Amino acid sequence: MNRQSLIKKFDKQADKYDKRRRNDPLYRFRQRIFQKAEGNVLEVAIGSGLNFPFYSENIKLTGVDFSHEMLKKADRAAKDYAFHSVFIQKDVETVEFNDDSFDTIISSTSFCAYQEPVEVLNKFQKWCKPEGKILMLEHGISTNTFLAGMQKMVDPLALRVVGCHQNRNISNIIEKSNVKLIKEERYLAGSLYLIWAEP
């Protein structure tokens, strides 16, 4: 799928993501991991801003997304929070930042859509300060054999309809990258990955 088609798919989903703010099924998992964000924070594929409730008022947030409609939702939502924020409409796979720019890098449910997910992680490793942290909440292939089979079966359709892979092994992507895994937790039949990592 070309990038413009993918961007249009996410533009169309912006209202749905925005409504999820009132009843987010992943709220408790976001709360578990993203309260650890500190300092100069980069959130990639920021969407409508579902992680904002968990950020300290002392952080400085840079949010990146290739969807103009998602960024409009995020910008509006950020006005309800005390932290400083700036939003950039760029593709995470092509955007550039200086090395060692961020204390924390946040990613949530975005690794399903990247063409080169390992390369994205390698960018995180460069952008994150040596003493910084990389925090991720991602969905991927389940540890349940039946569910994993279903994920593999529906993957082509899901990619075509919503632009999202269902069967990626996030653990393997981390292992192939240059980032250092500190801790991994799995939930929802192993299909939800919480990742604590370092550059």
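Descriptive notes on the structure:
- On the stretch given as the stretch 39-56, residues that are within 21 Å of GLU96 (Cα to Cα) and more than 15 Å from the chain's Cα centre (by Cα) total 2.
- Flag if GLU43 is under 20 Å from ALA197 (Cα atoms), at pLDDT 80 or above, open to solvent by 20 Å² or more (accessible area, probe 1.4 Å) and of a type in the set (Asp, Glu): no
- From the options LEU71, LEU61, residue that is among the aliphatic types (A, V, I, L, M), in contact with a Phe, Trp or Tyr (Cβ under 8 Å, 6 or more places away or on another chain), closer than 24 Å to LEU121 by Cβ and in a strand (DSSP E or B): LEU61
- In the condition set (1) in a helix (DSSP H, G or I); (2) open to solvent by 30 Å² or more (accessible area, probe 1.4 Å); (3) in contact with a helix residue (DSSP H, G or I) (Cβ under 7 Å, 6 or more places away or on another chain), ARG32 is compliant with all but (3).
- Residue within the stretch 13-20 that is within 14 Å of the chain's Cα centre (by Cα), crowded, with 16+ Cβ neighbours inside 10 Å and within 22 Å of SER177 (Cβ to Cβ) present: no
- Restricting the stretch 109-124 to residues that are part of a helix (DSSP H, G or I) and in contact with a helix residue (DSSP H, G or I) (Cβ under 6 Å, 6 or more places away or on another chain), the residue that is most open to solvent (accessible area, probe 1.4 Å): VAL118
- Within the stretch 171-199, tally of residues that are of a type in the set (A, V, I, L, M, F, W, C) and part of a helix (DSSP H, G or I): 2
- Filter pass, LEU137 being assigned to a helix (DSSP H, G or I), modelled with pLDDT of 95 or more and surrounded by 20 or more Cβ atoms within 10 Å (Cβ to Cβ): no
- Which listed residue, of ASP15, ASP100, is charged (D, E, K, R) and within 18 Å of TRP127 (Cβ to Cβ): ASP100
- Inspection of the stretch 151-170 identifies at least one residue that is outside any strand (DSSP E or B), open to solvent by 30 Å² or more (accessible area, probe 1.4 Å) and within 25 Å of TRP127 (Cα to Cα).
- Selection within the stretch 1-29 - without any contact (Cβ under 8 Å) to a residue 40 or more places away in the chain, closer than 15 Å to ALA113 by Cβ and not in a helix (DSSP H, G or I): ASN2
- Filter result for THR145 (at positive phi and either open to solvent by 20 Å² or more (accessible area, probe 1.4 Å) or in contact with a Gly (Cβ under 6 Å, 6 or more places away or on another chain) (or both)): no
The values are calculated or read from the model by the stated rules, or taken from the named source; none is laboratory data. Quick caveat, the model's predicted, so the values are computed rather than measured. Backbone-built Cβ (ideal geometry, glycine too); neighbour counts: all protein chains shown. With ligands, DNA and RNA removed, areas are computed over all heavy atoms of the protein, side chains included. Shrake-Rupley method; radii C 1.70, N 1.55, O 1.52, S 1.80 Å.
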